[in-house]
Amino acid sequence: MESSTVTERIYAKALELLEQHPEGLRFVELRSSIEGSDRSFHPKTVNGCVWKLPQRFPDRVYKPSRGLFRLLKYKPAEDDRV
């Protein structure tokens, strides 16, 4: 998937990584994996994009606990309080 902007590419990679990890990824793991996937990504841009994932994609990403990002489709039924 070739996106036009750097942030779109970062978001696409973040969603791809979360798809590969149904249990979710911690902030540092997600950020490091994105930075490692493309060295042209500026660390502060990656940091900002990861931080804003639940706000940018509220229909796809949620945080079950502090620092943990997970796709909504992997949200357990008993975890509806979030």
Legend entry - Which numbered condition Arg70 misses (of (1) under 11 Å from the mean Cα position of the chain (by Cα); (2) surrounded by 11 or more Cβ atoms within 10 Å (Cβ to Cβ); (3) assigned to a helix (DSSP H, G or I)): (3)
Inset, instruction - Being touching a residue at least 24 places away in the same chain (Cβ under 8 Å) and closer than 12 Å to Leu15 by Cα is the filter here, so list the residues in segment 59-79 that pass it. - result: Arg60, Val61, Phe69, Arg70, Leu71
Legend entry - Output for segment 2-31, where each listed residue is under 17 Å from Asn47 (Cβ atoms), without any contact (Cβ under 8 Å) to a residue 24 or more places away in the chain and touching a helix residue (DSSP H, G or I) at 6+ places or on another chain (Cβ under 7 Å): Leu17, Arg31
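So, Val61, is that one surrounded by 15 or more Cβ atoms within 10 Å (Cβ to Cβ), on the phi < 0 side of the Ramachandran plot and not charged (D, E, K, R) or not? Give the steps one after another, and end with the answer.
Working: surrounded by 15 or more Cβ atoms within 10 Å (Cβ to Cβ): yes; on the phi < 0 side of the Ramachandran plot: yes; not charged (D, E, K, R): yes.
Answer is yes for this residue.
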Inset, instruction - Could you run through segment 54-68 and say how many residues are out of contact with any helix residue (DSSP H, G or I) (no Cβ under 6 Å at 6 or more places or on another chain) and hydrophobic (A, V, I, L, M, F, W, C)? - result: 2
Inset, instruction - Search segment 49-58 for residues being within 10 Å of Tyr11 (Cα to Cα) and either assigned to a helix (DSSP H, G or I) or in contact with a strand residue (DSSP E or B) (Cβ under 7 Å, 6 or more places away or on another chain) (or both), and hand back the single one that is most open to solvent (accessible area, probe 1.4 Å). - result: Arg56
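Of everything in segment 1-48, what is of a type in the set (D, E, K, R), open to solvent by 60 Å² or more (accessible area, probe 1.4 Å) and part of a loop (DSSP other than H, G, I, E, B)? Give them in sequence order. Spell out the reasoning first.
Our first condition is that a residue be of a type in the set (D, E, K, R); within segment 1-48, this holds for 2, 8-9, 13, 16, 19, 23, 26, 29, 31, 35, 38-39, 44.
Now restrict to residues that are open to solvent by 60 Å² or more (accessible area, probe 1.4 Å): 2, 8-9, 16, 19, 23, 26, 29, 31, 39, 44.
Passing the criteria: Glu2, Glu23, Arg39.
The values are calculated or read from the model by the stated rules, or taken from the named source; none is laboratory data. All figures in this text were calculated on a predicted structure; none of them were measured in a lab. Positions of Cβ are generated from backbone atoms using ideal geometry, with glycine treated the same way; all protein chains shown enter the neighbour counts. What goes into the accessible areas is simple: the full protein's heavy atoms, side chains included, and nothing from ligands, DNA or RNA. Shrake-Rupley method; radii C 1.70, N 1.55, O 1.52, S 1.80 Å.
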